[in-house]
Amino acid sequence: MPAFERVIIKVSGEALKGEGHSPISPDAVSWLAGELRNAHEAGVELGVVIGGGNILRGASVARSGADRVAADHMGMLATIINALALRVALEKQGLEAHVMSAIPCGTLAEPVDVARAKAYLRSGGIVMFAGGTGNPFFSTDTAAALRASEIMADGLLKGTKTDGVYDADPAIHPDAKRYTELTYTEAIERRLAVMDTTAFSLCREQKLPIVVFDLWVTGNIRRVIDGESIGTVVKED
């Protein structure tokens with residue numbers, strides 16, 4: 001039996017980039033789709049929120065002098081592109097996949113509809129939630145926490161490039177300590193940058209556990225779903 005019944009997986013857009021210069025690598029997209037299929041086969045209901053950093057980061061564009069609202073909308077559009085690419089890859093692997101967007105985009109994606117999303121999940125479909133929250137100034141971490149709360153998920157899984165949450169950047173500090181468990185309050189007070197404060201606060205209000213793990217290790221999504229002790233768990237105080 002899986003450790004979770006329904007989850008949201010937050011994935012960085014960089015997961016689609018691969019090793020080449022193209023922002024979307026077919027091999028990387030296919031690999032991620034396979035990882036999601038493996039997790040789905042455990043019997044979990046699976047929603048996905050994917051970032052757009054492989055194409056464009058709104059905050060980075062804003063720092064270069066662009067209008068922040070316009071820059072964030074550009075970043076939201078990048079997440080829709082990624083979600084569409086992932087949907088195609090999932091369908092090629094025989095899975096039912098749907099894209100829902102917080103930004104109206106005609107026939108490209110359905111508008112976010114919580115009741116319909118739950119119905120898709122119950123019928124075995126995978127739902128990609130794109131377009132962030134639909135509002136500027138909010139990260140895709142916050143979008144993931146929001147969607148997880150809306151669909152009444154029992155876990156938010158965040159795939160990163162590290163194997164959990166550390167008390168310092170392990171790339172700079174070799175002696176950095178990895179936490180196996182944290183409370184939401186500890187994560188906020190220690191300013192651990194793995195998720196933003198808004199996302200942490202929403203998860204705390206909803207008593208939604210977060211598992212931070214290394215996405216780039218093949219099989220790790222399934223291991224988290226199966227309840228293996230990997231990464232860092234952030235849970236109720």
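With the requirement that a residue be part of a loop (DSSP other than H, G, I, E, B) and of a type in the set (Asp, Glu), what does the range 185-199 give you? Break it down into steps so the answer makes sense when it comes.
Step one: list which residues in the range 185-199 are part of a loop (DSSP other than H, G, I, E, B), which gives 190-196.
Correct list: Asp196 only.
Count, please, the residues in the range 115-132 that happen to be over 19 Å from Ala42 (Cα atoms), outside any helix (DSSP H, G or I) and free of Cβ contacts under 8 Å to residues at least 60 places away in the same chain. Break it down stepwise before answering.
Residues of the range 115-132 over 19 Å from Ala42 (Cα atoms): 115-117, 129-132.
With outside any helix (DSSP H, G or I) added as a condition, the list becomes 129-132.
Imposing the further condition that a residue be free of Cβ contacts under 8 Å to residues at least 60 places away in the same chain reduces the set to 131.
Looking only at that region, the number is 1.
Scan the range 181-197 and report the pairs whose first residue is in contact (Cβ under 8 Å) with a residue 24 or more places away in the chain and whose second residue is surrounded by 14 or more Cβ atoms within 10 Å (Cβ to Cβ) and in a loop (DSSP other than H, G, I, E, B), with Cβ atoms within less than 7 Å and a gap of 6+ or a chain change.
Between residues of the range 181-197 that are in contact (Cβ under 8 Å) with a residue 24 or more places away in the chain and residues that are surrounded by 14 or more Cβ atoms within 10 Å (Cβ to Cβ) and in a loop (DSSP other than H, G, I, E, B), the close pairs are Asp196/Ser139.
When you go through Leu202, Leu208 one by one, which is the residue that is under 23 Å from Met76 (Cα atoms), of a type outside the set (Val, Ile, Thr) and either part of a loop (DSSP other than H, G, I, E, B) or in contact with a helix residue (DSSP H, G or I) (Cβ under 7 Å, 6 or more places away or on another chain) (or both)? Show your work before the answer.
Values: Leu208 fails: under 23 Å from Met76 (Cα atoms).
After ruling out the rest, the residue left standing is Leu202.
So that you can scan it fast, the table gives a plain yes or no per residue for (1) surrounded by fewer than 19 Cβ atoms within 10 Å (Cβ to Cβ); (2) at pLDDT below 95:
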{"residue": "Ile81", "(1), (2)": "no, no"}
{"residue": "Val88", "(1), (2)": "yes, no"}
{"residue": "Glu96", "(1), (2)": "yes, no"}
{"residue": "Gly106", "(1), (2)": "yes, yes"}
{"residue": "Arg116", "(1), (2)": "yes, no"}
{"residue": "Tyr120", "(1), (2)": "no, no"}
{"residue": "Gly124", "(1), (2)": "yes, no"}
{"residue": "Thr133", "(1), (2)": "no, no"}
{"residue": "Phe137", "(1), (2)": "yes, yes"}
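So for the range 10-26 (the condition being over 21 Å from Val224 (Cβ atoms) and in contact with a Leu (Cβ under 7 Å, 6 or more places away or on another chain)), does at least one residue qualify?
Filtering the range 10-26 for residues over 21 Å from Val224 (Cβ atoms) gives 17-26.
Still in the running and in contact with a Leu (Cβ under 7 Å, 6 or more places away or on another chain): 24-25.
Within the range 10-26, one or more residues are over 21 Å from Val224 (Cβ atoms) and in contact with a Leu (Cβ under 7 Å, 6 or more places away or on another chain).
Identify all residues within the range 154-178 that are under 12 Å from Val211 (Cβ atoms) and more than 13 Å from the chain's Cα centre (by Cα); write none if there are none.
Residues satisfying the conditions are Asp154, Asp163, Gly164, Val165.
Given the range 1-108, what helices (runs of 4 or more DSSP H) lie entirely inside it while holding 3 or more residues that are in contact (Cβ under 8 Å) with a residue 12 or more places away in the chain and among the small types (Gly, Ala, Ser)?
Ranges flagged: 26-40, 68-92.
Assuming Glu41 fulfils every condition listed in (1) at pLDDT below 95; (2) farther than 17 Å from Thr160 by Cβ; (3) acidic (Asp, Glu) apart from one, which condition is it?
(1)
Of the numbered conditions (1) of a type in the set (A, V, I, L, M, F, W, C); (2) touching a strand residue (DSSP E or B) at 6+ places or on another chain (Cβ under 9 Å); (3) without any contact (Cβ under 8 Å) to a residue 24 or more places away in the chain, Ala143 satisfies every one except a single condition; which is it?
Exception for Ala143: condition (3).
Take Ser229 and tell me if it is assigned to a loop (DSSP other than H, G, I, E, B), polar (S, T, N, Q), modelled with pLDDT under 95 and out of contact with any Gly (no Cβ under 9 Å at 6 or more places or on another chain). So that I can check it myself, show each step before the final result.
On the way: assigned to a loop (DSSP other than H, G, I, E, B): yes; polar (S, T, N, Q): yes; modelled with pLDDT under 95: yes; out of contact with any Gly (no Cβ under 9 Å at 6 or more places or on another chain): yes.
Yes; evaluated as a whole, the condition is true for this residue.
Could you list all residues from the range 148-184 that are farther than 30 Å from Val127 by Cα and either in a strand (DSSP E or B) or not small (Gly, Ala, Ser) (or both)? Spell out the reasoning first.
Restricting attention to the range 148-184, the residues satisfying the condition of being farther than 30 Å from Val127 by Cα are 166-179.
If the condition is that a residue be farther than 30 Å from Val127 by Cα and either in a strand (DSSP E or B) or not small (Gly, Ala, Ser) (or both), then Tyr166, Asp167, Asp169, Pro170, Ile172, His173, Pro174, Asp175, Lys177, Arg178, Tyr179 are the ones that fit.
From (1) in contact (Cβ under 8 Å) with a residue 12 or more places away in the chain; (2) out of contact with any Pro (no Cβ under 9 Å at 6 or more places or on another chain); (3) surrounded by fewer than 17 Cβ atoms within 10 Å (Cβ to Cβ), pick out the condition that doesn't hold for Ala168.
(1)
The values are calculated or read from the model by the stated rules, or taken from the named source; none is laboratory data. Note that the structure is a prediction, hence the values are computed from the model and not measured. Note: ideal-geometry Cβ built from the backbone for every residue, glycine included; neighbour counts use all protein chains shown.
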